[in-house]
Amino acid sequence: MTSSLIRGRPRHATGHIGVRVGYAVLGGMAGAVWLVLPVMTTTAQDPVPAAAREPVAAAQADGASTADYVLPLVAVAAAGALGGYGYIRRVRRSRSRTTPGIISAAPPTPSPVDFERQARAALVLADDCVRTSREALGYVDGGESVVRALRAAETELSAALAIWRRYEEGIPGDDTGRRQALVGVVGRCAEAGRQLDAAAEVFDAEWGAGDALAVAEGRFRELAARTSGVAGALTEAGERYGSGAVASVVGYVEQAKDRLVFATGRLNQARQDADSGDRDGFRRGLRAAEGAVAQAGVLLDGVARLTEELRTAAGLVPAALTGAEAELAGVRASGPPPRLGHADAVLAAVREELTGGPYDPLDALRRVVRAVEGTGGGRSGVIAAGADLVARSALGVADDFVGVHRGAVGAEARALLAEAGRAAAADADRLARRARELAGRDVRAHGNPYAGEAAHESGLAGAVLGGVLLGEEGDGGPVVAFGGPETRTRLH
């Protein structure tokens, strides 16, 4: 696609301008002749007998011809238009001119902001394509070549996200190197998309060979049956550990129900299209339902996983406290370490919380781990286990949130999440929590363009926010499928 920055004026435009100028000049000349003609006739000797002039003079006195007044005015207007047109042409030439009398055909050089904007958009698009393709593969055995293409795309995307994170941190520092880094981001993302595009046809063949509708309906029924149980577990966890412990997944059960409502409508439509022989409508409806059901599963699994992690952390906190105190005793024996007083205060506060009522065991475990690490400790088995549990929980919460809100989440949160996945446990926890914070900020800033009651009742708003539909039209826009930028909307 040709950029709007480099589109030139159509070649026939010059000819049109010349014709318009010619018409304007002729109009001006005609007007000038008409204005001068009366003067010429009054100063010259009588061209006709005086007797013949008297009726004419009487006619002019009684009511002059309308054309005698209108045509001169038209001529003046034409002359004014000609002058105005010439002025506008000169202004336009002066604004677009790079050398005197020459209009540049070269596009303007993109600014660093333009390069950054392009890199951000490429990261978001590539990450969306990978996430959607991964969801789609959950419904069908795509075959070795399709799986290999997805893995290759994930590798390219991971590299692009890593380059972007270094860029955000100021590496490299020189202008040329930073521009090359952005080019690398865009190139890696393009390659990820190319891998998925190349496998889309094979995926379609595998998808069409099975009974995809039966698979989607089976998973829909399974998730619908789970919702009440998951909701009950969430309520119980909130009562046992406090509202803060479950804050990260509050509303997830409702969102899962919303996705299932959307899936219901699309599954019904897909079955009707299948019965009527509308193959394209069947594929669109079924793929949209698959995406919504997959995201409902992510939401319910996220709640179930967190409640289980809270139970595990609650059982680990007492042992972590004992292990931390033992490590601090060893640190004291080797000399006065930094922050030892702070670590003691943290451990004392956690012990008090254990006996004082509901508390967040994951947060308590996190504070114990950080307190010990601040003194140079944290190498014992129980502390390391606690750090791993806290990091896995933070990563899971952040990844789930980005996945089911990807229609609004930007590049920064995605790149930070990817870095968290590569980091050691202590850093992974910090980075993942920050990524979740940034993603939440993006969602709040994005708002909800489908705020009508009907959109919510049908689940349309949630499907757009989750990236199941692209949201480019009033009905939610195209549905996305396995593939890269060139093929992911092929079902539209």
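The values are calculated or read from the model by the stated rules, or taken from the named source; none is laboratory data. All values derive from a computational prediction rather than experimental measurement. Backbone-built Cβ (ideal geometry, glycine too); neighbour counts: all protein chains shown. Side chains are part of the model used for accessible areas, which takes the heavy atoms of the whole protein and leaves out ligands, DNA and RNA. Shrake-Rupley method; radii C 1.70, N 1.55, O 1.52, S 1.80 Å.
Assorted remarks:
- Across the range 284-346, Cα-Cα pairs farther apart than 20 Å form 58% of the total.
- Put a dot 7 Å past the Cα of Q180, heading toward its Cβ, do the same for E201, and the two dots end up 3.7 nm apart.
- Integer Hz, Karplus 6.51/-1.76/1.60 couplings in order for the range 401-413, x for Gly and Pro: 5, 4, x, 8, 10, 5, x, 10, 7, x, 6, 4, 5
- Among E144, E217, E169, the sequence by solvent-accessible area, most first, with a 1.4 Å probe is E144, E169, E217.
- Summarising the label geometry, the points placed 7 Å from Cα in the beta-carbon direction at E457 and V250 lie 2.8 nm from one another.
- For the range 289-443, the fraction of 1.4 Å probe accessible surface lying on carbon and sulfur atoms is 55 percent.
- Carbon-plus-sulfur accessible fraction, the range 134-203 (probe radius 1.4 Å, protein heavy atoms only): 50%.
- Net lengthening on full extension, E308/D280 (0.36 nm per residue, minus Cα-Cα): 5.9 nm
- Of the whole protein surface, H405 contributes about 10 Å² of accessible area at a 1.4 Å probe radius.
- Per residue, the range 355-423 exposes an accessible area of 32 Å² to a 1.4 Å probe, with every protein chain left in place.
- Modelled this way, with points 7 Å down the Cα-to-C-beta line, the labels at E437 and A162 are 2.6 nm from one another.
- In order along the range 213-229, the Karplus-derived 3J(HN,Hα) couplings, from 6.51 cos²θ - 1.76 cosθ + 1.60 at θ = phi - 60°, round to 5, 5, 5, 5, 5, x, 5, 4, 5, 4, 5, 4, 6, 7, 4, 5, x Hz, and Gly and Pro are given as x.
- In a fully extended conformation the segment linking A333 and Q118 would gain 71.8 nm over its present Cα-Cα distance, using 0.36 nm per residue.
- Accessible-area order (highest first, 1.4 angstrom probe) of the listed residues I171, I163, I383: I171, I163, I383
- Taken as Cα centroids, the range 471-492 and the range 348-417 sit 36 Å apart, rounded to the nearest whole angstrom.
- Surface accessible to a 1.4 Å probe, per residue, for the residues of the range 226-325, Å²: 40
- Reported value for the range 333-492: 158 Å³ per residue, from the convex hull of its C-alpha atoms.
- Using the alpha carbons alone, the radius of gyration of the range 118-232 stands to its Kirkwood radius in an Rg to Rh ratio of 1.15.
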